[in-house]
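Bear in mind these aren't lab numbers, they're just calculated from the coordinates by the rules spelled out. Computed from a predicted structure; not experimentally measured. When we count neighbours, we look across all protein chains shown, and the Cβ atoms used for this are built from the backbone with ideal geometry, even at glycine.
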Amino acid sequence: MEAEEARPQEQLAQAGEPKDLWIVPGCGHGGYLQVAPEEWERRVVTFLDEALLFEE
């Protein structure tokens, strides 16, 4: 199922914080790493750092 068809805005509205929505055009659920590996890594690391309040 394409992300655009999954009504992600409805799911996002129901999710607690922290949350982030990233839609990759033409990519099904979970295929982000294969389509955009550098952006996936950047987003995941940033999200986890912020969610876990990582401080250096």
- Rounded, prolate or oblate (a/c below 1.5 giving rounded, otherwise prolate when a/b exceeds b/c) for segment 3-51 by Cα gyration tensor: oblate
- Query: Name the trypsin sites (Lys or Arg not before Pro) in segment 8-56 that are in a loop by DSSP and that have at most 15 other C-beta atoms within 10 Å, would you?
  - Reply: Lys19
